[in-house]
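Q: One structure, pasted below without further comment.
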Amino acid sequence: MKIHEYQAKELFRRYGIPVPAGGVASTPEEARAIAERIGGKVVVKAQIHAGGRGKGGGVKLANGPGEAETAARAIIGMSLVTHQTGPGGKRVHKVLVEEASPIARELYIAIVLDRETSRLVIIASSAGGMDIEKVAAETPDRIFKTWVDPALGLMPFQARRVCFKLGLSGQAFKDGVDAVTNLYRLFEGEDATLAEINPFIVRTDGGAMAIDAKVNLDDDAGFRHPEHAALRDLTEEEPLETEAKRYGLNYIKLGGSVGCMVNGAGLAMATMDLIKLCGAEPANFLDVGGGASAEGVENAFRILMADQNVRCVLINIFGGIVRCDRVAQGVVEAVMNLGEVDVPIVVRLEGTNAAEGMRILKGSGLDFHAVVGFHEAAQKAADLAGGD
Amino acid sequence: MAVLLTEDTRAIVQGLGKEGQFHTERMLQYGTRIVGGVRPGKAGEEVLGLPSFDTVEDARDGTGANASIIFVPSRFAADAVIEAVDAELDLVVLITEGIPPLDMIRVKDRLKRSSTRMIGPNCPGIITPGVGKLGIMPTEIFEAGRCGVISRSGTLTYEVAAQLTAAGIGQSTCMGIGGDPIIGTKHRDALELFNADPDTEIIALIGEIGGNDEELAAAYIADHCDKPVVAFIAGSTAPPGKRMGHAGAIIAGGKGTAAEKKAALRAAGVTVCDSPAAIGTTTKRTLTG
């Protein structure tokens, strides 16, 4: 789960990572009030779940409360387009108003899960404020990594090493060691999947602090953190994806015209790939779960049909423990309950009781294209969708 | 002798709730040697005709078990695995889905300091056709033979097994290694086992987007594998930055794409299928030359 910068900074404060004074505002007036309280120059930052906000016009410097109000008025309500939002952009509902910091140096500090070693890795770079993937690709020598032994946790010498590698000294070194140590505590304490400070800055007065904050939290660890549910911002999520989640389905909207419903994530991806090989584009990823209950199938079908781009539906179910005749029954009921379905539906059932499932579809009186064979079904669906 | 799951495997079940019992019944029906269950506080009781024990250690001592299959809910899964490792079982199959990565980091670390082999989590398990299954897969689609199957997915594994069986190619062992970012047995580890198995003649490797396990597998194949490998990578059409159902199936920072994985495997001499519908026929063609 992604959370907003202002929420991540509240976590930073709680764990003792220094951040600028500030507050979050939903209206220009609130932004003005926060700027008055801070005094002096402030930064007004759009709060959306995407990076690259500055380039898109979502971050503005203001010389006082009046300018902060004007900046907030321009930003709140705008559709902010960045390289991470897609062409439609994301609507801004809140801004973070913060004390502007005098920057001497910009650095990068992050903690992520390293899949290859199955350990947490601290990543630091003297090239802060930039796209870290670009830095890694172009100047890998400017990136330093240190892995945390799960049995030991982060050792103090590792935090010191990171800060020496970043070239910190004096107060900035002390602040840096605290920030690395506390970022690790936060990661473990909150079950994060990513914790990133970009940039971590050295101020002209010598101290260091986080002026951006990005934290992703682990949905699977929700049982340890009931309070995390309140951090979720549903306006940031695709409504159909949110609805699917409620029914235990995995749905991701894509751009094509063949809607697909498949049981199992791997088979669902493979089905999308095959549709593409057959000359069409998948409209979505939809995994109804390995089990594929009749109720799951019905909800999945409704979500699929809510996408206006869908010109054909392909249902690909590999029956295992769940029997294909039960799935077929679910499909028939879903179509009947939905009333008018004006796109062709191709169904391929394989595995346990597949033949019986096919008989149910054919005997339903509804206009299914019951196809035998994985490739044949995908080809039929692609043809019926008329290519893209 | 197949891989990991053989005639010598005697397994206990950790987590005999509704789902655990359902699948235990089917494992027994298939002829798998399930010898007991761990149900803390219910030692001495019977379930499905199997004796219950308070701890894994008791179950091991009471039955001679050398393996365990785990169905416990995600929040208890790390504890269950580490208990099995502590009892020095040879094989642990972890079916449970949705275990927090921070828990899995500790599990993986404990596994590294042991001789226990773990398969999973978030996996369908392992089947040696004709011998037994520690998993949740349907059995009719499998047939004993000489093709080893390794896959990060569940139903896609069934699809592949059905294609192989339809093409007249039986399987030595099929292993669903799981769709999470941290798993006990990776593609490379499984390849090593199949490469050393005299009953395996050819290997089908089913990967997907996310991480670099397939690239590491490719490097192993290039240097060490002397059996033909046929591969499919799911997710060529997956968008970047989105988790495709499996926790591990995500293209992050432009890394972990299907194109990269296919290229690495092809460079290692692997026959890569672009179509998931052609895995059975391609394996047959590769085998018969």
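The values are calculated or read from the model by the stated rules, or taken from the named source; none is laboratory data. Bear in mind that the values here come from a model prediction, so they are computed numbers and not experimental data. Every residue, glycine as well, gets a Cβ built from its backbone with ideal geometry; the counts of neighbours run over all protein chains shown. Accessible surface is based on the protein model in full, side chains and every heavy atom, while ligands, DNA and RNA are left aside. Shrake-Rupley method; radii C 1.70, N 1.55, O 1.52, S 1.80 Å.
Q: What FRET efficiency comes out for the pair A:R119/A:R359, r = Cβ-Cβ distance, R0 = 41 Å, nearest 0.05?
A: Here the calculated transfer efficiency is 0.20.
Q: Can you give the extra length, in nm with one decimal, that the chain gains between A:N309 and A:D205 once fully stretched, where that is 0.36 nm per residue apart less the Cα-Cα distance?
A: So the chain would gain 31.8 nm between A:N309 and A:D205.
Q: Same structure, new question: Tell me whether the stretch B:11-119 comes out rounded, prolate or oblate; compute the Cα gyration tensor, take square roots of the eigenvalues as a ≥ b ≥ c, and use a/c under 1.5 as the rounded threshold.
A: It comes out prolate by the Cα gyration axes.
Q: Using θ = phi - 60° and the Karplus curve 6.51 cos²θ - 1.76 cosθ + 1.60, what whole-Hz ³J(HN,Hα) does each residue of the stretch A:367-376 get, with Gly and Pro shown as x?
A: After applying 6.51 cos²θ - 1.76 cosθ + 1.60, I find 8, 8, 9, 8, 10, 8, x, 5, 4, 4 Hz.
Q: If you average the sequence gap of Cα pairs under 8 Å that are 6 or more apart and divide by the length of the stretch B:11-119, what percent do you get for the contact order?
A: 23 percent
Q: Further question on the same structure: Take the stretch B:1-60, compute every pairwise Cα distance, and split them into 10 Å bins from 0; I just need the percent in each bin.
A: Result returned by the calculation: 24, 53, 22, 2.
Q: Compute the distribution of all C-alpha to C-alpha distances in chain B, in bins of 5 Å from 0, and list the percent of pairs in each, rounded to whole numbers.
A: 1, 6, 13, 17, 19, 16, 13, 8, 4, 2, 0, 0
Q: Then there's this: Please check: in the Gaussian network model of chain B (C-alpha springs, under 10 Å), which one of B:K108, B:K261, B:K186 has the largest mean-square fluctuation.
A: Between B:K108, B:K261, B:K186, it is B:K108 that shows the largest mean-square fluctuation.
Q: What number, in percent, do you get for the relative contact order of the stretch A:238-385 if the mean sequence gap of Cα pairs under 8 Å and at least 6 apart is divided by its residue count?
A: Relative CO of the stretch A:238-385 lands at 25 percent.
Q: Would you pull out the residues with amide H under 5 Å of A:Q84's amide H, same chain only if 5 or more places away, H placed 1.01 Å from N?
A: For A:Q84, the qualifying residues are A:G51.
Q: Return one quarter of the surface area of the convex hull spanned by the alpha-carbon atoms of the stretch A:236-374, equal to its mean projected area, in nm².
A: Answer in nm², one decimal: 7.5.
Q: Here is a further query. Residue by residue through the stretch B:228-233, what is 3J(HN,Hα) from phi via Karplus (6.51 cos²θ - 1.76 cosθ + 1.60, θ = phi - 60°)? Round to whole Hz and write x for glycine and proline.
A: x, 10, 10, 10, 9, 10
Q: Further, regarding this structure: In Å², rounded to the nearest 100, what is the total accessible surface buried by chains A and B against each other with a 1.4 Å probe?
A: In total, this chain pair buries about 3900 Å².
Q: Can you list the residues of the stretch B:63-101 with backbone N under 14 Å from a point 7 Å past the Cα of A:F223, pointing along Cα to Cβ?
A: B:71-81, B:95-101
Q: Ok, one more. Quick one: which residues, 5+ away or cross-chain, put their amide H under 5 Å from the amide H of B:I177? H built at 1.01 Å from N.
A: Amide H neighbours of B:I177: B:S151, B:R152, B:S153.
Q: Right, here's the next one. What residues qualify as long-range amide H neighbours of A:T352, i.e. H under 5 Å apart, gap of 5 or more or another chain, H built at 1.01 Å from N?
A: A:G319, A:G320, A:C324
Q: What FRET efficiency would be calculated for the residue pair A:V343, A:E243, taking the C-beta separation as r and a Förster radius of 22 Å, to the nearest 0.05?
A: Result of the calculation: an efficiency of 0.65.
Q: With every protein chain kept in the model, how would you rank A:H375, A:H49 by accessible area, 1.4 Å probe, largest at the top?
A: From most accessible down to least: A:H375, A:H49.
Q: Stretch B:A196-B:R146 to full length: gain in nm at 0.36 nm per residue minus the Cα-Cα span?
A: 16.7 nm
Q: What's the local net charge at A:V148, with K and R +1, D and E -1, over the other residues with C-beta under 10 Å away?
A: Summing Lys and Arg as +1 and Asp and Glu as -1 gives -2.
Q: Could you sort the residues of the stretch B:151-170 by number and keep only those whose accessible area is reduced by 50 Å² or more in the all-protein-chain setting relative to the chain alone, 1.4 Å probe?
A: B:T155, B:E159
Q: Which angle from 0 to 90°, rounded to the nearest 10, does the C-alpha axis of helix A:265-277 make with the longest principal axis of chain A?
A: That helix lies at roughly 70 degrees to the long axis.
Q: Additional query: How big is the Kirkwood radius of the protein assembly as shown, worked out from every pair of different alpha carbons and given in Å to one decimal?
A: 26.7 Å
Q: Here's something else I'd like to know. Is there a quick way to get the dipole size of the stretch B:137-288? I mean about its Cα centre, with the Cβ of Lys and Arg at +1 and of Asp and Glu at -1; what is the value in debye to the nearest 20?
A: Rounded to the nearest 20 debye, it is 440 debye.
Q: I would also like to ask the following. Estimate the FRET efficiency between B:S114 and A:H375 by the formula 1/(1 + (r/R0)^6), using the beta-carbon distance for r and 60 Å for R0, to the nearest 0.05.
A: With a Förster radius of 60 Å, E is 0.85.
Q: Greater than 28 Å separation of Cα atoms is the criterion. Which listed pairs, A:K2/B:K133; B:K112/B:K284; A:K90/A:K380; A:K9/A:K41; A:K214/A:K245, meet it?
A: Long pairs (Cα-Cα over 28 Å): A:K2/B:K133; B:K112/B:K284; A:K90/A:K380.
Q: Let me ask something additional. About the Cα centre of the stretch A:65-154, what is the dipole size in debye to 20, counting +1 per Lys and Arg Cβ and -1 per Asp and Glu Cβ, all else neutral?
A: Dipole magnitude for the stretch A:65-154 comes out near 280 debye.
Q: What is the dipole size for the protein assembly as shown, taken about its Cα centre, with +1 at each Lys and Arg Cβ and -1 at each Asp and Glu Cβ, in debye to the nearest 20?
A: Approximately 1320 debye in magnitude.
Q: Two-decimal Rg/Rh of chain A from alpha-carbon positions, Kirkwood Rh?
A: Checking Rg against Rh, the ratio lands at 1.08.
Q: When the Karplus curve 6.51 cos²θ - 1.76 cosθ + 1.60 is applied with θ = phi - 60°, which whole-Hz ³J(HN,Hα) does each residue of the stretch A:103-109 get, with x for Gly and Pro?
A: Rounded to whole hertz, the list is 9, 9, 9, 10, 10, 10, 9.
Q: Answer with one residue from B:L111, B:A65, B:G31: the one whose Cα lies farthest towards the positive end of the charge dipole of the stretch B:11-119, charges on Cβ with Lys, Arg +1 and Asp, Glu -1.
A: Of the listed residues, the answer is B:L111.
Q: Would you kindly state how much longer the chain becomes between B:A167 and B:D79 on full extension, computed as 0.36 nm times their sequence separation minus their alpha carbon distance, in nm to one decimal?
A: 27.5 nm
Q: Could I ask something else about it? Quick one: Debye curve from the alpha-carbon atoms of the stretch A:21-100 only, equal weights, vacuum; give me log10 I(q)/I(0) at q = 0.13 Å⁻¹ to two decimals.
A: -0.32
Q: Over the heavy atoms of B:S172, what accessible area does a 1.4 Å probe trace out, to the nearest 10 Å²?
A: B:S172 exposes around 10 Å² with every protein chain in place.
Q: What is chain A's relative contact order, in percent, from Cα pairs under 8 angstrom and six or more apart in sequence?
A: 13 percent
Q: Further, regarding this structure: What's the local net charge at A:K253, with K and R +1, D and E -1, over the other residues with C-beta under 10 Å away?
A: Residues close to A:K253 contribute a combined charge of -2.
Q: Around B:I126, what is the net charge, scoring Lys/Arg as +1 and Asp/Glu as -1 over all other residues with Cβ under 12 Å from its Cβ?
A: +2
Q: Then there's this: What share of the DSSP beta bridges in the stretch A:204-354 is antiparallel, in percent to the nearest 5?
A: 20 percent
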